[in-house]
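K.L.:
The structure follows.
Taken together, the values in this text are just the output of simple stated rules run on the coordinates, not laboratory data. Predicted model only: the values in this text are computed from it and were never measured.
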Amino acid sequence: MSAFTIIELAAGTSFGKAVRRFTIRIAGKKFGQITVRELSEAATKAALHDTERVIGLASVIIVSDAYRIYAVFVLRYPTVLKGIEKSTFAEMVKEAMTAGKRSFEALRGLIVEKMGWDLPETKDMHGAMEKVAKALAKRFGTKWSVPRLVANVTDGEGKQLGGSAVDQHRPGWSGLDHGGHRVEVALQHGGAVQDGG
Amino acid sequence: MITDAGLLTIGEQTALAGAIARGLVDAAEAVRLDRAAMARIALMVGQGSFGTDATIGFVDGFAQGFLAGGVVWKDEVLAYLRILGVGVTLGAAEFFYRPIVEEGETTGLSKQVRAELETLRSLQALRPVLQWLDEVGPAEAIEVLREMLPSADDLATMIGRAAQKWATTWLTELIATAPDAVAAGRHIGKLVGRVAIELVRGFLEPPVVSAQLMAASIVSDLEGAP
């Protein structure tokens, strides 16, 4: 006999109502939010070797931890986390920790990458870029385009080369649009795969 | 060990005794038992000590049924946590006290993470339930019973329905106990105790009844109950 037929025995009885009053009393508001029946369905799935939920559970625990870490970090490193919302940070941490080898290096890479998107507007970075541009001009001649700061530079296999890089290309090239060539461009003429800001 | 009916007041015992006698007879008539079976029940109920004895059995049976259902419930919750990997990657105790992102703080998080947070939150909400199930013993079960003493009508309804659903097992077993009033009372008490705990569980859990769930191993664990 299933749990449902057992419950059905008391349908419409005053006994059922008395049990409900009792349940409300012992449970209070807290118990009211429990959704175990749905979870039982999930358990059925999980029993069928569905590991997705296990990963999900691990990831939300990481997200929750990241929220707490963020609160500490934002006080200590306000500049680093400038423009990075708590939720963005948490998702970044989750991505880094649940994908692949769960390495802290991957996490650092993600943070640097995120910073790379925001930093081109800063004065320090522009100053650094000018220096790089001058050095490059001296070394390779002046027939190169004005260097620009780019982020998210990847090789042909999609592997990240660094946080921020300086891109400079020969006249007539449209730079990063050239797929596989961008690696060469960034490495040869940027030489500036900058990690850590 | 028999759970003591003396945990109830004399008034409560008397009310329960009357309810068991009338409920049993009403149900037997309603399901049109054959003459021989009716005679056995009538003989048993007609004993002068039936009320007292049946109440002793009922109280003990109620505690048994209630606690058995609680054990099943707890086992299923823990089995679910094991499936989720809690206890392997994370201790169960740590899991329940682990602070997670508050409901109002989820803005900006991906839909998937928000859904998983919800799952985790509802799992964590089980902590007080598990604690309660740990604390409940026979004496507590009787305290529960005091709050939900079934009337004769209630018992007639439940016995009648049980008789209709499982006539060949549940009712046959009941009749087989006659004229042992304690055993008959215990048989009914077990059923009512199990109904009570399943109701508590049902109230706490949304009534999602699907064919898939009915077929699940979780439910098949309840086979043969109460």
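K.L.:
Of B:LYS74/B:LYS165; B:LYS74/B:LYS190; A:LYS82/A:LYS131; A:LYS17/B:LYS190, which ones are farther than 23 Å apart at the Cα?
P.N.:
B:LYS74/B:LYS165; A:LYS82/A:LYS131
K.L.:
Something else about it: Applying the Karplus parametrisation 6.51 cos²θ - 1.76 cosθ + 1.60 with θ = phi - 60° to the phi angles of region B:153-168, what ³J(HN,Hα) value in whole Hz is obtained for each residue in order, glycine and proline being reported as x?
P.N.:
4, 4, 5, 4, 4, 5, 5, x, 5, 4, 5, 5, 6, 10, 3, 7
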